[in-house]
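*Asks:* The structure follows.
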Amino acid sequence: MDLILQPWPWYITGPLLAIVMFLLIYFGKTFGMSSNLRTFCAMAGAGKKSDFFKIDYKTQKWNLMVVFGAVIGGFIAHFFLSNETNIQLNPHTIEKLQSFGFENIGKALVPPEIYNWDAVFSIKGILILVIGGFLVGFGTRYAGGCTSGHAITGLSNLQIPSLIAVIGFFIGGLIMTHFILPLIF
Amino acid sequence: MKYLKFILTGIFFGIVLVKSEAVSWYRIFEMFRFESFHMYGIIGSAVITGIILVQIAKRKKIKNIEGVPIHPTPKDKSITRYLLGGLLFGLGWALAGACPGPMYILVGTGAFSMLIVIIAATLGTFVYGLIKNKLPH
């Protein structure tokens, strides 16, 4: 049981993610989490504003069910299958975050300095979440997929476009982590 | 209950991503600083396993449950949209520390402020839909 409660190693979780991808392909669908954002837009009536959202969202219901399951999965894993969160980060990473003024590093899945309500209701905090979310939603549709659709499904199917997208993900992530985050914190 | 298998797959996905810690902002930060192999191990072993599964499915002509041979849809050829879109996505990924799968999963772990990120991401997708014809693809 303790093995379950501990964090699972990458060589277990990586292949399990590939199985999630393969199951969805086997069910005649595809592994693409960001497509749901388009479905949300279509459900909210965005089809009136752009043909891009004129999709029959009932055909996407299966993917919303995956999302629904993922929320439940997160709940089960966090509250029933985990010891207290204590992410074993590289000491250099911790040092860097301390220089940002972060505390209790790795004691929660998301940093309280960004995600607790005090932070969220500050101008800086709300801008981080809104701009971060916006870029993810805009970028993923522009690139035609996110980590699940490109990095896992696309690369598994040896798609060059997905490799280009993943390179793009990394260029963006490196710029944010090395140049922009140090300016923000 | 034809949707049950999708809910179960989602539950499995959520559990695996939480247990891998890949849903953590800290792990994403650490990855982009090249200070841990952890995230590269997850993505790398997922892709290698995925390549093997897809290759087996194609060669053995395994059919999906609808009776159609498994063949993931090829992506359209282009560089601009993947590089530019990917870059914007990467900026947001490293800032919010969550991509679209983990966003939902983290709500389940009690990180309710993630709902703001989800709403903003939906807005981002909406704006893309509005101006997509003006963007280079």
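The values are calculated or read from the model by the stated rules, or taken from the named source; none is laboratory data. This is a predicted model, so every value here is computed, not measured. All Cβ positions, even for glycine, are placed from backbone atoms using ideal geometry, and neighbour counts span all protein chains on display. What goes into the accessible areas is simple: the full protein's heavy atoms, side chains included, and nothing from ligands, DNA or RNA. Shrake-Rupley method; radii C 1.70, N 1.55, O 1.52, S 1.80 Å.
*Asks:* I'd like to check something: does region B:2-14 contain any residue that is at pLDDT 95 or above and within 21 Å of residue B:96 (Cα to Cα)?
*Replies:* Yes; the residues of region B:2-14 include at least one that is at pLDDT 95 or above and within 21 Å of residue B:96 (Cα to Cα).
*Asks:* Find the residue count for region A:148-168, including only residues that are free of Cβ contacts under 8 Å to residues at least 24 places away in the same chain and open to solvent by less than 20 Å² (accessible area, probe 1.4 Å). Give the derivation first.
*Replies:* Within region A:148-168, the subset free of Cβ contacts under 8 Å to residues at least 24 places away in the same chain is A:150-151, A:154-155, A:157-167.
Retained after the next criterion (residues that are open to solvent by less than 20 Å² (accessible area, probe 1.4 Å)): A:150-151, A:154, A:157, A:161-162, A:165.
Matching residues across region A:148-168 total 7.
*Asks:* In region B:29-83, which residues are in a loop (DSSP other than H, G, I, E, B) and either more than 27 Å from residue A:139 (Cα to Cα) or among the aromatic types (Phe, Trp, Tyr) (or both)?
*Replies:* B:34, B:37, B:60, B:61, B:62, B:64, B:65, B:66, B:67, B:68, B:70
*Asks:* I'd like the full set of residues that are part of a helix (DSSP H, G or I), more than 7 Å from chain B (Cβ to nearest Cβ) and of a type in the set (Gly, Ala, Ser), limited to region A:145-185.
*Replies:* A:149
*Asks:* Okay, next question. Across region B:89-117, what is the total count of residues that are among the small types (Gly, Ala, Ser) and either in a helix (DSSP H, G or I) or modelled with pLDDT under 95 (or both)?
*Replies:* Taking region B:89-117 and keeping what is among the small types (Gly, Ala, Ser), we get B:90, B:92, B:94, B:96-98, B:101, B:108, B:110-111, B:113.
Narrowing further to those that are either in a helix (DSSP H, G or I) or modelled with pLDDT under 95 (or both): B:90, B:92, B:94, B:96, B:98, B:101, B:108.
So the count comes out to 7.
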